[in-house]
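**Student:** Pasting a structure here, questions to come.
Computed from the coordinates by the stated procedures, all read-outs in this text should not be read as laboratory data. In this text the structure is predicted, and so the values were computed from the model without any measurement. Here the Cβ is made from the backbone with ideal geometry for all residues, glycine too, and neighbour counts use every protein chain on show.
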Amino acid sequence: MTLRCIALDAMGTDAAPLPEIEGAIHAARAGYARVLLVGDEGKLRREIARHASRDLPIEVVHASEVITMEDAAAKSFRRKRDSSMRVAARLVRDGKADGMISAGNTGAVMTTAKIVLGPLEGVDRPALAAVFPTSRGRAAVMLDVGANVDCKPRHLEQFAVMGEIYYRVIFNASRPRVGLLSNGEEEHKGNDLTREAYGLLKQLPLDFVGYVEGRDLYNGRVEVVVADGFIGNVALKISEGLIEAISSLLKEALSATLSSKVGYVLSRKAFQNFKKRVDYSEYGGAPLLGVRGVCMICHGRSNANAIKNAIRAAAEFSAGRVNEKIESELSAAALSRAST
């Protein structure tokens, strides 16, 4: 099978370009994709030379500018036309890469992808999806987690379709359950937005279970959780903070109470297993669903493992023809709505 080509903004992470280069090398060795490292060519080649990367499908594409975390999204897009982020997006737009990945300024990545790549047919608002671990051992996906602060009911309808398709392809699930995030499970709960969206989602050919609550993000009741970007982002940030706090508290408790060497080894193993289950790097990044091509947005603190897994996920996204399925099913939903 032909390797997918992924353009990686090599100047995005807090420790760039080391995590990007190491992650690209790990992904290339694993046969996930061919990687185009985008950034300062001289700097990238010097760092690559320090690794055993000969004969790997990795190329360097020069970009003379970098968008920082302090840059305003819209201004940086207009002023830094040769940024590593924008060059990566152009590679996708021009058909030289199947997808792009960046761990840089999230607002700037979304702005760049929306403008350079453009939306899919039938998509009003691209949505950012995030993966959550659940107590049942399988992942759940929530969208939108920050791309759209203000949403209309039809946007949530589109999010449901996009999230369900993405989950089907990436997690190999035949019919994932979809829930609409609200303040209660009863149908009369919610606000004007969720109540109107509820009616739209009921008409879709999805396994829609109705309203779900915040706790359902982690208990495995559904695989896809739909929310507007404001609520979704708040839920995401609370979850990130909670996981960090629990990890820290567990570590302190284990250090304070363990007396035997055997107990320490067993408890440390359990703690490491817990950390792996909630580690964002195992999922790589968050896809921006609804744009042409593939766009994965990673955390600024991403390590090499996160970058490697983002490359894998981007390649799977492209190979699974997720965008074609989204356009097809949104078109079918629009036709069905028009005929009623």
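**Student:** Just how far, in whole angstrom, is the stretch 30-45 from the stretch 144-221 if you go by their alpha carbon centroids?
**Tutor:** Answer, in whole Å: 37.
**Student:** Another question, if that's okay. For Ala103, what charge total do you get from the other residues with a beta carbon under 11 Å from its beta carbon, if Lys and Arg give +1 and Asp and Glu give -1?
**Tutor:** Numbers: positive: Arg301; negative: Asp9, Asp14, Glu20.
The answer is -2.
**Student:** List the residues, sorted by chain then number, that are 5 or more residues from Gly12 or on another chain and whose placed amide H is less than 5 Å from its amide H.
**Tutor:** It is Ala103, by chain and number.
**Student:** Can you work out the Karplus-derived ³J(HN,Hα) for every residue in the stretch 299-304? Use 6.51 cos²θ - 1.76 cosθ + 1.60 with θ = phi - 60°, whole Hz, and x for glycine or proline.
**Tutor:** 5, x, 8, 4, 9, 4
**Student:** Starting from the amide H of Val141, placed 1.01 Å from N in the peptide plane, find each other amide H under 5 Å away whose residue is 5 or more places distant or on another chain.
**Tutor:** Under 5 Å from the amide H of Val141 lie the amide H atoms of Phe132, Val224, Val225, each far enough along the sequence or on another chain.
**Student:** Among the DSSP beta bridges whose two residues both lie in the chain, what percent are antiparallel, rounded to the nearest 5?
**Tutor:** Taking every DSSP beta bridge with both residues in the chain, the antiparallel ones total about 25 percent.
**Student:** Something else: What per residue convex hull volume, in Å³, comes out for the chain when only alpha-carbon positions are used? Walk me through the numbers before you get to the answer.
**Tutor:** Numbers: hull volume 52.3 nm³, N = 340.
Dividing the Cα hull volume of the chain by its residue count gives 154 Å³.
**Student:** Grab the other residues whose beta carbon is less than 13 angstrom from that of Cys5, score K and R as +1, D and E as -1, and report the net.
**Tutor:** 0
**Student:** Can I ask one more? Using a/c under 1.5 as the rounded threshold, could you call the stretch 112-199 rounded, prolate or oblate? The axes a ≥ b ≥ c are square roots of the C-alpha gyration tensor eigenvalues, and prolate needs a/b larger than b/c, oblate otherwise.
**Tutor:** Oblate, since a/c reaches 1.5 and b/c is not below a/b.
**Student:** Please tell me the relative contact order of the chain in percent, rounded to the nearest whole number, where contacts are Cα pairs under 8 Å and at least six residues apart.
**Tutor:** Values: 684 pairs, mean separation 78.7, N = 340.
Value for the chain: 23 percent.
**Student:** Quick check on packing: order 38-51, 5-18 by the mean number of other C-beta atoms within 10 Å, highest mean leading.
**Tutor:** Working: 38-51: 17.1, 5-18: 25.2.
Result, highest mean Cβ count within 10 Å first: 5-18, 38-51.
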